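What follows is a single structure, written as structure tokens, with notes after it.
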Amino acid sequence: MPAVIVENLEKEFRRFRRREGLAGAFKDLFQRDYEVLRAVDGVSFSIERGERIGYIGPNGAGKSTTIKMLTGILTPSGGRIESLGLSPHKQRKQYVRRIGVVFGQRTQLWWDLAVVESFKLLLQIYEVEKRAGEARLAKLRELLALDEFLHIPVRKLSLGQRMRADLAASLLHGPELLFLDEPTIGLDLVAKDAIRALLKRVNDEFGTTILLTTHDLRDIEALAERVMVIDGGKIVWDGRLEALRDEAGEEATAEIELLEPAALPELQRLLPQVRFEQENPLHLRARFSKRAIPAAELLSRLVGALQVADIALPEPSIEEVIRRIYEKAGKSAMVAAQKQGVAR
Amino acid sequence: MRALKIYAALFAQMLKVRLAYRGDFLADLFATALGGLSSLFFVLLFFVPVDSLAGWKRDEVLLIAGLSSMSYGLFATVSWNLFEFGDRYIIEGRFDRVLLRPISTFAQILCDQFRIPVLAETVIGAGVVATAMHRLGIGFGALEWLFVAVTVACGALLYVFVFTILASVSFHFEDRVGVAPPVFNVIPFGRWPQEIFPWPIRTLLRWVIPFGFVAYYPSTALLGRGSLKGMAALSPLVTLAFGVLAALCWRLGVRKYESTGS
């Protein structure tokens, strides 16, 4: 049985739309316009125990709203969530005991307490059995190198230290499910690596199921086995990371520097299976599928037809594929936004 | 019981934090002591030219003021977060964190930030009450002690419940200031014999914002005066009723928060 089942999940926000100016503010007192915003619009998925999932999407796509519903902070407007056999918002106290949550933007710790005091308090709040709690804390201290700032108040930590402390705090009670909303935001490369390594280890050793959102695709490449892409409140892609990689590998780009300007229409006629973009008269970009034309063949035909100064074949990245997914989804999201009426 | 232990631990930690800010602590202590003493002097000053106020002697009025101070000091230890609730928790979004912990949201708010120096007001109030009782010839038997203790506890809880109801309004309307300040300004009215007020204020203090039950009605009972001394018996019931109302308002608010947010 899956750890998490989500069916047709929806979340609508009613947002008060202010009129402009003083006269408008006065009018607002008596008559208010609300717009309905569908932050999450019919999302379905299920998560197996032990999975590591990257949940990505552009800003405002509905990532955080989904996480807030999965953690029981928000009540869905529609649809169903069953997580660890519980309803997150209806069985809040019972449920949050078994999950860990990290918000990259905001600490879960007490600002004025020393890190170790925060941990002790959390162990009490979660009623962790004393010996188990101490063992877990010792392990986390070692894994996250917490000792250097264990006795410093949280407000005095650097961002990287704070994130490590937050991560430790979310794991103290041995959660079965771990939700992370942008856990690497604003961190330097070393700190990012430390966090990725820890998450992977936690997943390996304890089988903790992990769902994280991020804008850093290296997080995804280092951590996720499965990727879900949300845009405009809908899941637009859901699959294994390898599938994304394959897609990325198939779709390739060649950057071509020319000695003489090329006649684009003619070139397009010569190679119809390639999409050419002209950056400037002396710089072309060719997008092609390796299935339609092997790179070697493309190169030899380009060299035959053009005065080529240089050709580069940049490493295909999942970034490119995701950019394309966003673009495709962006169009449909715009149509959906137009359909949304203004309710009063 | 287990829950109580957790809250006690939370409370102890937060207390430690407050003590760590020594300057803050001392400033707060000084301000509270000064405030408590000056309101006491105000009552004394008032009685320099006159003997009695609407039939109340100086020491009798001091008894009301002292009881009111004792309750207020206890309430003020936890009032901070109730006053700032809309701002700190709703607008700045700290309530998310509160919902992620497996204990009562209300208990977390009360424990999260509190002041210990304000207890100076309770101490001063106790001194005033003891002096007034002594001078008025009221005995110090077990019954009187119990009566004062119950009165002070009920009064403090009544304040907590009233301001909890007002704080839970913040769940529904995003507003930094909230609706508490005007009601906060009603508290001093409960320090005086209600006979001196016109009827609308008397009605307000009895039935709407019942701060008359904090010190005034209990004092009439302690002094055995007037037709209103029976009202003192209502004091715990009024507190209980407001407790139930506060719990309902809070729950309703939390449910509202869970379904909006941003």
Between the stretch A:1-77 and the stretch B:189-254, the Cα center-to-center distance that results, in Å: 44
Report the extension gain between A:Lys328 and A:Glu225 in nm, rounded to one decimal, defined as 0.36 nm multiplied by the number of residues separating them, less their alpha carbon distance. 34.8 nm
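If you stretched the chain out fully between A:Lys290 and A:Arg32, how much longer would it get, using 0.36 nm times the residue separation minus the C-alpha to C-alpha distance?
87.3 nm
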Hey, what number do you get for the protein assembly as shown at 222 nm if only DSSP H runs of n ≥ 4 count, each worth -39500 (n - 2.57), divided across all residues, to the nearest 500? -16000 deg cm²/dmol
Give me, ordered by chain and number, the residues 5 or more places off A:Val101 or on other chains with an amide H under 5 Å from its own placed amide H. A:Phe179
Calculate the spin-label point distance for A:Leu150 paired with A:Glu205, positioning each point 7 Å from the Cα along the beta-carbon direction, and give it in nanometres. 1.5
Filtered chymotrypsin sites (Phe, Trp or Tyr not before Pro), the stretch B:112-152: DSSP coil and at most 12 other beta carbons within 10 Å: B:Phe140
Using the 10 angstrom Cβ neighbour count as an exposure proxy, how do B:Val50, A:Val303, B:Val43 rank, fewest first? B:Val50, A:Val303, B:Val43
From the backbone phi of the stretch B:28-43, what are the Karplus-calculated ³J(HN,Hα) couplings (6.51 cos²θ - 1.76 cosθ + 1.60, θ = phi - 60°) in whole Hz, Gly and Pro given as x? 5, 4, 4, 4, 5, 4, 4, x, x, 5, 5, 5, 5, 4, 4, 5
Residue by residue through the stretch A:119-135, the couplings from Karplus 6.51 cos²θ - 1.76 cosθ + 1.60 with θ = phi - 60°, in Hz, x for Gly and Pro, are 4, 4, 5, 5, 4, 6, 4, 7, 6, 6, 4, 3, 5, 4, x, 5, 5
Computed over the Cα atoms of the protein assembly as shown, what is the ratio Rg over Rh, Rh following Kirkwood? 1.12
Hey, got a sec? Which GluC sites (Glu not before Pro) in the stretch A:222-277 land in a DSSP loop and have at most 16 other Cβ atoms within 10 Å? A:Glu225
Chain A: relative contact order from alpha carbon pairs under 8 Å, six or more residues apart, as a whole percent, is 20
Work through the residues other than A:Phe149 whose Cβ is under 13 Å from its Cβ and net out their charges, Lys, Arg +1 and Asp, Glu -1. +1
Applying the Karplus parametrisation 6.51 cos²θ - 1.76 cosθ + 1.60 with θ = phi - 60° to the phi angles of the stretch B:169-179, what ³J(HN,Hα) value in whole Hz is obtained for each residue in order, glycine and proline being reported as x? 4, 4, 5, 9, 10, 6, 7, 5, 7, x, 9
Taking every residue in B:97-106, how many Cβ atoms of other protein chains lie within 10 Å of its Cβ, on average? 6
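Based on the Cα atoms of chain A, what semi-axes does the equivalent ellipsoid have, where each is the square root of 5 times one gyration tensor eigenvalue, given in whole Å with the largest first?
On the way: eigenvalues 372, 172, 78 Å².
So the equivalent ellipsoid measures 43, 29, 20 Å along its semi-axes.
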Amide H contacts under 5 Å for A:Arg49, placed H, 5+ residues apart: A:Ala3
Sorted peptide list for A:110-116, B:36-42, criterion being average Cβ within 10 angstrom, highest first: A:110-116, B:36-42
Test of understanding: ordering A:Val190, B:Val254 by Cβ neighbours within 10 Å, fewest first, what list do you get? A:Val190, B:Val254
So how do A:60-73, A:42-55 stack up, highest first, on mean other-Cβ count within 10 Å? A:60-73, A:42-55
Suppose a student asked you for the relative contact order of the stretch B:186-238, using Cα pairs under 8 Å spaced at least 6 residues apart; what percent would you report? 30
10 Å Cβ neighbours from other chains, averaged over peptide A:109-118: 3
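So what is the relative contact order of the stretch B:2-259, in percent, for Cα pairs below 8 Å that sit 6 or more residues apart?
Details: 321 pairs, mean separation 64.1, N = 258.
Relative contact order here is 25 percent.
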Taking the beta-carbon count within 10 Å as an exposure proxy, list A:Ile256, B:Ile209 from fewest neighbours to most. B:Ile209, A:Ile256
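Determine the shielding of peptide A:66-79 by partner chains: average, over its residues, the number of Cβ atoms on other chains within 10 angstrom of each Cβ.
The mean count of partner-chain Cβ atoms within 10 Å per residue comes to 3.
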Set A:Lys120/B:Lys5; A:Lys68/A:Lys130; A:Lys130/B:Lys5; A:Lys93/B:Lys5; A:Lys120/A:Lys200; A:Lys234/A:Lys328, cut-off 22 Å on Cα-Cα distance; pairs above it are A:Lys68/A:Lys130; A:Lys120/A:Lys200
Could you state the per residue volume, in Å³, of the convex hull enclosing the Cα atoms of the stretch A:260-306? 64
Find the centroid of the Cα atoms in the stretch B:127-173 and in the stretch A:157-235, then give the distance between the two in whole Å. 50
Which residues make up the longest stretch of chain B that has no GluC sites (Glu not before Pro) in a DSSP loop with at most 15 other Cβ atoms within 10 Å? B:1-91
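Values quoted throughout were computed directly from the atomic coordinates according to the rules given, and no laboratory measurement underlies them. On a predicted model such as this, the values are computed, not experimentally measured, just so you know. Note that each Cβ is placed from the backbone with ideal geometry, even for glycine, and that neighbours are counted across all protein chains shown.
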